[in-house]
Amino acid sequence: MSSRILVIALLACSFGARADFRVFACEPEWADLVRALVPEANITVATNAWQDPHYIEARPSLIAAMRNSDLAVCTGASLEAGWLPALIQRAANSRIAENREGLFYAASYTHLHQPHDHVDRSMGDVHPEGNPHFHLNPHAVPEVMDGLVKRLPQVAPAEEIKVMRALHLRWKMRWEQSQEHWETLMPDLRGMKVVVQHSSFDYLLRYAGIEAVLDLEPKPGLPPTPSHLNRVLNDPRLADASVIVISPYQDPKPAQWLAERAGLPVLVLPTTLTEEEETDTLPELITYILTSLSNFNPKQNAVSAVNGH
Amino acid sequence: MKTMTMSKQYPGDKNPLIEASHSLSWVVGLMASLLLSSASLHAKELNPDISVVLDGLYVQESMALGHGGPGFVPGHNELSLGAPIDDLFIGRLTTVFDSHDGETELALEEAFLRTTGLGYGLKVKAGRFLSNIGYLNSRHTHDDSFSTRPAVYRALLGSHYYDDGVQLGVTLPTDFYWQVSAEALQGDQVSDTDDGVGLYTLSTKVGGDLSISQSWQAGLSYMKNRSPAVEEEEGEGHDHDHDHDHAGHSHGLNYYGGNMSVFDLVWKWAPRGNNRQQQIELSAEYFYVDDLNEYADDDDFHEGWYASAVWQFAPQWSAGVRYGEVDLRQPHGDHFHSQSLQETDIMVSYSHSHFSTIRLQYTHQSGDGFDDINNGIFVQYVMSLGEHGAHEF
């Protein structure tokens, strides 16, 4: 009797495992890509828009999720260097380890800006591989998606990815449509100058022809200091900037301090997906960021004022 | 008869201690050749991760169960090398430099290999490593929030207990975090077994999230000393100053017991999980040790606990308070002397970057049976160069 129960239990377990494709996404943007290809996947997202992805603790719930996953999709390029190795080690999941199919680094599939031959810590938190915030690079995301499409058949049960190629085509079409839409926003953005805090939006700003003239961080990854803020305040380039852009996970006080003195608005923009409707997919997030920025372009305001009359 | 000598401050020290001049030149030579090779190869993946931790203290007063002073004291200065060996094994070697009576000593704190991805959530560690007992023990002291380990750790585990042996761990496939590990340890300095293996440990940890902002972990550990090391009488009395010439860092205190049980609990809160900006960390551990020796009756046991609260109120600043007690029974022939210590610590620390910390701590002690019960200030720096360990919970 008891052995029969055991057999049933084992069958149930193995069935459960087979019917369930589990994915560990280090950041919400990669969860979005996986979901587009495998809508039924059971995805754990390790971080949210209110967290600094450089500083995450290898906490118990994440170890458990990593233990039970078939695939981990992460940024790489040392973005998660402070926590992912500990998770992988403590989860002891044979599928997910360095150089195994179950660990997918998006950074391996695209070209990163600003790689460094030489890095030392006096430069701040600089990644030798280059800027790891490439999920906001409209050219890089499709390359990562291609990488995922190649990887998924190696790690996902066949029935989970039957329609993957069709979904990939659909996703690509939508991405191209979005790109066309973003192109229409360009005239409102090109030449705009902004103050940033960290290089989170770098790729998207380049794409849109926006220049980040000043950074509130004294060195990459170090929080703003009063002396550095004073330097920024006295920098002649500040006069050209039309807005200060920060992320929800950053303390708004330094930006507000500067905003009051420089007479600039502060714009808080999510660097990754949220649960909110306007920013819950990657194309929507990029649209949201570009549109929000365009509202602060003095040129664009002048144009709309003219149009309004 | 039963001993459970978590006695030596660094139980593994006796064997690996090498004369300073010799060992230092060896390590410096090794480092130099590693650095040279990394410079010429230009391929980081081929080289071990090298990390150096610089740790120094100013101690205003020497204290009961303390680590030296008064004055400037070298802390836990370590050099660590680690790298994947192949696709199945990872290795790590950690040496600690310490200074006693003007002589620099080198101790081997970790020298282990660990498996990666064995399957079924299993992992095996072999060699010399920090035991998994309790919450703090398996962590490196330079990750601590306070300049000193709690009194109960200093008395019963020599601040951090490491030994030679083998560890088997399994992370279970449950929705919540559940890890179980077992260790067999040599216990050379604490046990007189003929077949060598003197200690066994068994520990388990469970944990999870309560919300997006709150996480927790609870642990239960047990350590068994199979057979006794007969306590030498030289430590007789309450002589626990640092003059006697023990190998390593023994501070002359020996607290034995055949069975040790530890319960630990950790709770952390960060607004929406953003621990970069702000975090509150509450942790507590309780220790119970009995079966002290053949003369011990039911009333003879060691017991201790601590509770700590640390608030990181800005990205670079933390403040914390910790209270702890330990009640000990020191064996004297066929009877025991009671000792007790209560300790309150208050600290504030500044981390300029993730790799540099400066800490100010005030410690207040009270109790019975110790010579140097004191109050005093600690000023400490902990600097980390090179590869940096991950953010463990």
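Counting other beta carbons within 10 Å of each Cβ, put B:Trp317, A:Trp30, A:Trp83, B:Trp269 in order, fewest first.
Listing B:Trp317, A:Trp30, A:Trp83, B:Trp269 from fewest to most nearby Cβ atoms yields B:Trp317, B:Trp269, A:Trp83, A:Trp30.
Seen from a random direction on average, the alpha-carbon convex hull of the stretch B:55-157 projects onto 7.8 square nanometres.
Rounded, prolate or oblate for the stretch A:189-306? Axes are the square roots of the Cα gyration tensor eigenvalues, ordered a ≥ b ≥ c, and the cut-off for rounded is a/c under 1.5. It is oblate, given that a/c is not under 1.5 and a/b is not larger than b/c.
Order of A:Glu276, A:Glu27 from fewest to most other C-beta atoms within 10 Å?
By the 10 Å Cβ count, ascending: A:Glu276, A:Glu27.
Multiplying the residue separation of A:Glu143 and A:Asp215 by 0.36 nm and removing their Cα-Cα distance gives an extension gain of 23.0 nm.
Working from Cα pairs under 8 Å separated by at least six residues, relative contact order for the stretch A:189-306 is 23 percent. Remark: C-alpha extents of chain A on the principal axes read 80, 46, 36 Å, sorted largest to smallest. Alpha-carbon geometry of the stretch B:304-393: the Rg and the Dmax are 17.4, 54 Å, given in that order. Which of rounded, prolate, oblate describes the stretch A:2-182, given a ≥ b ≥ c as roots of the alpha-carbon gyration tensor eigenvalues and a/c under 1.5 marking rounded, otherwise prolate only if a/b is larger than b/c? It comes out oblate by the Cα gyration axes.
The label point for B:Ile85 and the one for B:Asp49, both projected 7 Å from the Cα toward the Cβ, are 1.8 nm apart. Distance between the pseudo-spin-label points of A:Arg35 and B:Thr344 (7 Å out from Cα toward the beta carbon): 5.1 nm. When each of A:Met173, A:Met192, A:Met186, A:Met164 is scored by the number of other beta-carbon atoms lying within 10 Å, the sequence from fewest to most is A:Met173, A:Met186, A:Met164, A:Met192. List the pairs from B:Lys205/B:Lys268; A:Lys150/B:Lys123; A:Lys219/B:Lys125; A:Lys150/B:Lys125; A:Lys172/A:Lys193 whose alpha-carbon separation is above 27 Å, in the order I gave them. Pairs exceeding the cut-off: A:Lys150/B:Lys123; A:Lys219/B:Lys125; A:Lys150/B:Lys125; A:Lys172/A:Lys193. Estimated from the Cβ-Cβ distance and a Förster radius of 51 angstrom, the FRET efficiency linking A:Glu284 and B:Ala218 is about 0.80.
Considering only alpha-carbon pairs that sit under 8 angstrom and 6 or more positions apart, the relative contact order computed for the stretch A:2-182 is 21 percent.
The residues packed around A:Ala72, meaning those with a beta-carbon under 12 Å from its beta-carbon, carry a net charge of 0 if Lys and Arg are +1 and Asp and Glu are -1. Between B:Ile377 and B:His100, the FRET efficiency from the beta-carbon distance, with R0 = 22 Å, is close to 0.45.
Read-outs: derived from the displayed coordinates by stated rules, not from any lab. The structure displayed is predicted, hence computed values, not measured ones. With ideal geometry, Cβ positions are generated from the backbone for all residues, glycine too; neighbour counts draw on all protein chains shown.
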